[in-house]
1. Failed condition for Ser11, given (1) touching a residue at least 24 places away in the same chain (Cβ under 8 Å); (2) surrounded by fewer than 13 Cβ atoms within 10 Å (Cβ to Cβ); (3) within 12 Å of the chain's Cα centre (by Cα), with all others met?
2. Are there any pairs with C-beta distances below 7 angstrom linking a residue in the stretch 14-41 that is of a type in the set (D, E, K, R) to a residue that is open to solvent by 70 Å² or more (accessible area, probe 1.4 Å), with the two at least 6 apart or on different chains, and if so which?
3. Helices (runs of 4 or more DSSP H) wholly in the chain with at least 1 residues that are at pLDDT 95 or above and basic (Lys, Arg) - which ones?
4. In the stretch 41-61, what residues are surrounded by fewer than 14 Cβ atoms within 10 Å (Cβ to Cβ) and either at positive phi or among the charged types (D, E, K, R) (or both)?
5. What number of residues within the stretch 1-35 satisfy the criterion of being under 18 Å from Leu69 (Cβ atoms) and of a type outside the set (D, E, K, R)?
Amino acid sequence: MSDVKLSRIESVLEDLEYPVTNDRAAAELEDVTLLLADGERNLGALIERSDSDRFESMDDLESELNNVLPREAVGEPYQSEGEG
């Protein structure tokens, strides 16, 4: 199991082969814990919550993840985690 900060999510998403199905991405990332400002979430479980069946690119998957994260996930309301 590995941990990754939200600001470093690209480091694990880039390891997937795109396009990738929702099920495959969720299965491949089920052992990754996403560290958020308000706690942590299982990355595979977050991907499963997406309405998309398939992700064409890393940007596509990252955008979908942003849609399923709670707004508080990034710290101050509606602010990004920044460079840190």
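1. Looking at each condition in turn, Ser11 falls short on (1).
2. Filtered contacts from the stretch 14-41: Asp31/Met1; Asp38/Glu72.
3. Output list reads 22-28.
4. Those that are surrounded by fewer than 14 Cβ atoms within 10 Å (Cβ to Cβ) and either at positive phi or among the charged types (D, E, K, R) (or both): Asp51, Asp53, Glu56, Asp59.
5. Initial filter on the stretch 1-35 (under 18 Å from Leu69 (Cβ atoms)): 3-13, 22, 25-26, 29-30, 32-35.
If we keep only those that are of a type outside the set (D, E, K, R) as well, we get 4, 6-7, 9, 11-13, 22, 25-26, 29, 32-35.
Count: 15.
The values are calculated or read from the model by the stated rules, or taken from the named source; none is laboratory data. This is a predicted model, so every value here is computed, not measured. Glycine also receives a Cβ, built like all others from the backbone with ideal geometry; neighbour counts cover every protein chain displayed. What goes into the accessible areas is simple: the full protein's heavy atoms, side chains included, and nothing from ligands, DNA or RNA. Shrake-Rupley method; radii C 1.70, N 1.55, O 1.52, S 1.80 Å.
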